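Report on the structure given below.
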Amino acid sequence: QVELVESGGGLVQPGGSLRLSCAVSGSIFSIGAMGWYRQAPGKQRELVAIIISGGSTNYADPVKGRFTISRDNAKNTVHLQMNSLKPEDTAVYYCNADLYYSEYAPGVELWGQGTLVTVSS
């Protein structure tokens, strides 16, 4: 069974850095867009950053200039480098990917289990 396995969350002080990783576990044909979303307590899940298979990226305004999304197509992984973290970045971060199980199959959206990032002194 294919799943997204996340790692890298934790507690960090304001101004610090964290790197999140997400790996596709299992057999697939290809991966389309991959992204990171977050959900803070009492708020809706929101897009943080997205990267398509060709490498183009898009970021939410609050994280532009601080976060960098990247992917390793050979390893089926996506990373989120988070710098200059602020308390308002505290949230559960979810990995998301569009997976293709064969050449002509439609894409299937998959979510990771979430990893908690807490920014606090």
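The values are calculated or read from the model by the stated rules, or taken from the named source; none is laboratory data. Note that this is a predicted model, so its numbers are computed, not measured. Here Cβ is always computed from backbone atoms with ideal geometry, including for glycine, and neighbour counts include all displayed protein chains. These area figures cover heavy atoms from the full protein model, side chains too; ligands, DNA and RNA do not enter into them. Shrake-Rupley method; radii C 1.70, N 1.55, O 1.52, S 1.80 Å.
Quick notes
- With N as its number of residues, segment 16-79 has a Cα radius of gyration that, divided by 2.2 N^0.38 Å, comes to 1.18.
- Annotation: lysines with alpha-carbon distance below 30 angstrom to residue 43 (same-chain offsets under eight excluded): 64, 86.
- As computed over segment 51-107, the Cα convex hull volume per residue (Å³): 109 Å³
- Working from label points 7 Å from Cα in the Cα-to-Cβ sense, the residue 5 to residue 53 distance is 2.4 nm.
- Rounded FRET efficiency, nearest 0.05, which uses the C-beta distance separating residue 121 from residue 72 and R0 of 30 Å: 0.35
- Accessible surface area normalised per residue over the chain is 53 Å², counting heavy atoms of protein chains with a 1.4 Å rolling probe.
- FRET efficiency for the pair residue 39 and residue 105, taken as 1/(1 + (r/R0)^6) with r the Cβ-Cβ distance and R0 = 25 Å, rounds to 0.30.
- Surface calculation, 1.4 Å probe, protein heavy atoms: residue 57 sits at approximately 70 Å² accessible.
- Each peptide in 76-82, 42-48, 101-107 was scored by the mean count of other Cβ atoms within 10 Å over its residues; highest first, the order is 76-82, 42-48, 101-107.
- The DSSP beta bridges internal to the chain are antiparallel in roughly 95% of cases.
- Cα pair distances of segment 1-53 binned at 5 Å [whole percent]: 4, 13, 19, 26, 21, 10, 6, 2, 0
- A full extension of the chain between residue 19 and residue 84 corresponds to an added length of 22.2 nm, given 0.36 nm per residue minus the alpha carbon distance.
- Reduced Cα scattering model of the chain, Debye log10 I(q)/I(0), q = 0.10, 0.15, 0.22 Å⁻¹: -0.29, -0.63, -1.25
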